[in-house]
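The values are calculated or read from the model by the stated rules, or taken from the named source; none is laboratory data. Note that the structure is predicted; figures quoted are calculated from it, not measured. Neighbour counts are summed over all protein chains in view; Cβ atoms, including those assigned to glycine, are modelled from backbone coordinates with ideal geometry. Surface accessibility is based on the protein's heavy atoms, side chains included, excluding ligands, DNA and RNA. Shrake-Rupley method; radii C 1.70, N 1.55, O 1.52, S 1.80 Å.
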Amino acid sequence: MDLEKRIFFHDNSARLPSENLAINQAIVDLVNDGDYEAVVRIYSHKNGVILGRNESREDINVDYCTKQGYEIVNRSSGGSTIFVTPELTLCYSVFANLRKTKLEENVTNIYKKFTLPLAKKLGDNFVVEGSYYLKAKLNGASHPFAGHAMRLYKHCVQFDGVVHKKKFDLDILARIIKLRELHRINEDSYILMHGDIYDLKGNKILNAVLSSSTLVKRERDELEKTQNFDSLGLDENIYLNCLYESFSETFEGLKKIEKLDCDNEIVRDYKNKIKRVREGKIVGLGHCFVDFMEPEPVIN
């Protein structure tokens with residue numbers, strides 16, 4: 001086996017979200033074509049708002065983001081919004097050639113193969129209960145710590161992760177994201193977002209009244225529970241070591257390198273495509289770590 005085919009590297013330069021997503025897309029091409037068998041990339045974003053592949057910009061306050069200089073993009077994988085800054089978030093993406101790494105083309109099994117070893121490396125207080133999150137156990141309950149999303153290509157899987165270094169500033173986040181409430185009337189659930197009401201498919205409900213509804217959850221309250229390096233007393237370098245060790249178990253021969261050189265022209269072309277305004281269709285997905293519309297599937 002050529003050890004250079006399976007690599008792990010930390011990109012220490014904070015980049016615009018559009019550039020990071022463009023680099024990731026270029027890596028997808030390299031892995032899809034078999035130039036690499038597995039690539040694990042650690043990176044950070046400059047200030048931005050990254051929506052899921054199909055998420056609508058109706059979920060965020062576009063004018064505020066534009067005025068504050070937050071770049072807005074949609075990523076290629078699913079899920080919901082993440083707010084990113086170099087100080088707040090650490091991101092990582094895993095790219096694997098399905099055939100050459102002998103991974104099943106099964107999303108749930110890939111999640112388990114990637115996340116269960118990581119939780120084990122981090123220790124007994126970390127658990128994987130479903131297909132989206134790595135959770136931390138505190139006071140008898142488990143709360144999201146790292147969020148994940150995935151996309152399958154022809155021969156390649158891309159697995160994206162985000163973890164927070166410190167606590168959200170929820171006052172700022174409330175200006176960026178249209179924070180939601182989940183309500184229930186009898187057996188039906190609805191989302192209230194900035195005065196508008198939506199069903200759980202993202203369709204706006206006209207002439208609906210929630211005055212007699214039961215408030216189930218507030219997105220702000222749920223985000224308050226999200227864990228981070230500071231709240232858990234976890235050192236960032238320890239987390240990075242656990243990532244390397246766990247993915248080394250999945251990809252035998254994984255080698256640390258200083259950087260991966262991608263074709264600058266290809267990255268630039270992808271960046272220009274990503275920066276073009278793309279309207280997602282699903283309204284009401286909100287922020288990552290809070291699943292009102294798409295509850296996390298439980299894994300066995």
Kindly indicate which of Glu104, Glu87, Glu58, Glu71 is free of Cβ contacts under 8 Å to residues at least 24 places away in the same chain and over 19 Å from Pro295 (Cα atoms).
-> Glu104
Hey, could you check region 117-152 for residues that are more than 17 Å from the chain's Cα centre (by Cα) and over 17 Å from Gln227 (Cα atoms) and say which is most open to solvent (accessible area, probe 1.4 Å)?
-> Lys120
Only one of Asn97, Asn109 is closer than 26 Å to Lys154 by Cβ and modelled with pLDDT of 95 or more, namely Asn97
Out of all the residues in region 1-25, which are open to solvent by less than 10 Å² (accessible area, probe 1.4 Å) and in a helix (DSSP H, G or I)?
-> Pro17, Ser18, Asn20, Ala22, Asn24
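Please work out which residue is farthest from Lys204 (Cα to Cα), limiting yourself to region 53-69 and to residues that are open to solvent by 10 Å² or more (accessible area, probe 1.4 Å) and among the charged types (D, E, K, R).
Lys67
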Among the residues of region 262-300, write down those that are assigned to a helix (DSSP H, G or I) and open to solvent by 100 Å² or more (accessible area, probe 1.4 Å).
-> Asn264, Glu265, Arg268, Lys273, Lys275
Over region 153-166, the set of residues surrounded by fewer than 20 Cβ atoms within 10 Å (Cβ to Cβ) and modelled with pLDDT of 95 or more is Lys165, Lys166
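Please enumerate the residues belonging to region 190-202 that are farther than 9 Å from Ser213 by Cβ and not hydrophobic (A, V, I, L, M, F, W, C). Full working, then the answer.
Residues of region 190-202 farther than 9 Å from Ser213 by Cβ: 191, 193-202.
Hits for region 190-202 are His194, Gly195, Asp196, Tyr198, Asp199, Lys201, Gly202.
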